[in-house]
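What follows is one structure encoded as structure tokens, with my remarks underneath.
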């Protein structure tokens, strides 16, 4: 098997091992054993345990993000598209927690330990928001935005309660969907606002 | 001393004991010993360890909330008042973490273990936001709001990154003040918006 061993196979086995042993105990030797290969075969693809952990974390994030990325490109007016994107992000994360809480906890721990992965993931997400904002402004569906990237980050931050794993304990509570709707209305009212009254500027 | 022992003195001693021993180890006997009284004297004021822990947690929250409550009643137009209230909440919490991280961690743990205290505290905070919103609508400084309490909660949720202790690790990062400003602008633009364009309603 070692001869045809692919990075993909290693990542799948590593995910399995992480789920079984937990992120603090899983080793490269465990992954190699699960595949029936020597640990040298694993190291040929991933030069260190840290590199393997990072790769498996990125793969997990990438896979679970697929429906959200799709929502970013949906053929909808920008306000609906943003709302749908935020709802898809929330639903996807919520399902990940409910469907397999252990795996979610494992990967949340892995993500948190790797700040580059976190930063790249947030950059992807805010990039998708920025794209929707730009399209909306261009189509006249959103009011002009002075700094799109900054506003995209503000939208991301303002919805943290509905996508940050730190809040996953709240996601099954009564009223969480109403709370999500209220924040969406607040944000969309802001983005679609007619400029008119003066907004308090930061000091 | 036992004869003139007040609830206030017990709460101060309990805070001290909690700080020294940590929330999992501190006992009523430790508090009594620190005051030079019998544990019976403490129980005369607080019928159980849980009652004492709850009372000391409420006192800590109440004291640290004083500047925020003051900002809620400041003599300012509602948009500035809301912005100032949010900034005061953020600053107060940030100072608590930086000035005495151990005490902050201790009380965060105590607060989290007591869901009634959390619920009451959140009700106080969203109540202060609702009061500012109502004043602003009455003065024509905010656009009409369909459900003030719901919107107040949305403002609270949308700023979670800047007051929820789960994020305290972020509060000294570069760019956090800009991020806070951006979320404030997003919220205030929404509240001061001229109704005009249609907002996407929740499904």
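Readers should treat all values here as calculations from the given coordinates under stated rules, not as data from a laboratory. What you see is a predicted model; the values in this text were computed from it and never measured. Here the Cβ positions follow ideal geometry from the backbone for every residue, glycine too, while neighbour counts run over all protein chains shown.
Which of rounded, prolate or oblate describes region A:30-106 when judged by the alpha-carbon gyration tensor and an a/c cut-off of 1.5?
prolate
As I understand it, the value is the acute angle between the Cα axis of helix B:176-192 and the longest principal axis of the Cα atoms of chain B; what does it come to in degrees, rounded to 10?
50
With label points built 7 Å along Cα→Cβ from the Cα atoms of residue B:8 and residue B:109, find their separation and express it in nm.
2.9
One decimal, nm, shortest first: give the distances between the label point of residue B:144 and those of the same position in the other copies, each label point 7 Å from Cα along Cα→Cβ.
3.0
With a cut-off of 8 Å between alpha carbons and a minimum separation of six or more residues, what is the relative contact order of region A:1-121 in percent?
Dividing the mean separation by the residue count of region A:1-121 yields 26 percent.
Connecting C-alpha atoms closer than 10 Å in a GNM of chain A, tell me which of A:145, A:129, A:187 has the biggest fluctuation.
Looking only at A:145, A:129, A:187, the biggest GNM fluctuation is shown by A:145.
Express in nm, to one decimal, how much length is gained between residue B:74 and residue B:102 on full extension, taking 0.36 nm for each residue of separation and deducting their alpha carbon distance.
That works out to 6.9 nm of additional length.
Any idea what the residue A:177 label distances to the other copies are, label 7 Å down the Cα→Cβ vector, nm, shortest first?
4.2
Pop out the Kirkwood hydrodynamic radius of region A:90-194 from its pairwise C-alpha distances, inverse of mean 1/r, in Å to one decimal.
Computed over Cα pairs of region A:90-194, the Kirkwood hydrodynamic radius comes out at 15.2 Å.
Which distance in Å, rounded to a whole number, links the C-alpha centroids of region A:1-65 and region B:68-101?
The distance from the Cα centre of region A:1-65 to that of region B:68-101 comes to 48 Å.
Using Stokes-Einstein with the Kirkwood hydrodynamic radius over Cα pairs, what translational diffusion coefficient do you get for the protein assembly as shown at 4 °C and a viscosity of 1.567 mPa s, in µm²/s rounded to a whole number?
Reported coefficient: 54 µm²/s.
Using a label point 7 Å beyond Cα on the Cα-Cβ vector, give me the inter-copy distances for residue A:115 in nanometres, one decimal, shortest first.
3.5
Run the quick spin-label model on residue A:173 and residue A:92: label points 7 Å from Cα toward the beta carbon, then report their separation in nm to one decimal.
Distance between the two pseudo-spin positions: 2.5 nm.
Before rounding to the nearest 500, sum -39500 (n - 2.57) across all DSSP H runs of length at least 4 in chain A and divide by the residue total; then give [θ] at 222 nm in deg cm²/dmol.
Mean residue ellipticity at 222 nm (helix-derived): -23000 deg cm²/dmol.
Report, to the nearest 10°, how far helix B:78-99 tilts away from the longest principal axis of the Cα atoms in chain B, using its own Cα long axis and a range of 0 to 90°.
The angle comes out near 30 degrees.
Say we join alpha carbon atoms closer than 10 Å with springs in a Gaussian network model of chain A; which of A:63, A:161, A:134 then has the biggest fluctuation?
A:63
Could you check which residue among A:138, A:26, A:105 shows the biggest mean-square fluctuation in a GNM of chain A with a 10 Å Cα cutoff?
A:138
Evaluate the relative contact order of chain A (contact order divided by residue number), counting alpha-carbon pairs under 8 angstrom at least 6 apart; express in whole percent.
For chain A, the relative contact order is 18 percent.
So for region B:1-47, Kirkwood radius off the Cα pairs, Stokes-Einstein at 37 °C and 0.692 mPa s: how many µm² s⁻¹?
316
Please report the equivalent ellipsoid semi-axes of chain B, computed as sqrt(5 x eigenvalue) of the Cα gyration tensor, largest first, in whole Å.
Gyration-tensor ellipsoid for chain B: 39, 18, 14 Å.
With a cut-off of 8 Å between alpha carbons and a minimum separation of six or more residues, what is the relative contact order of region B:1-47 in percent?
42
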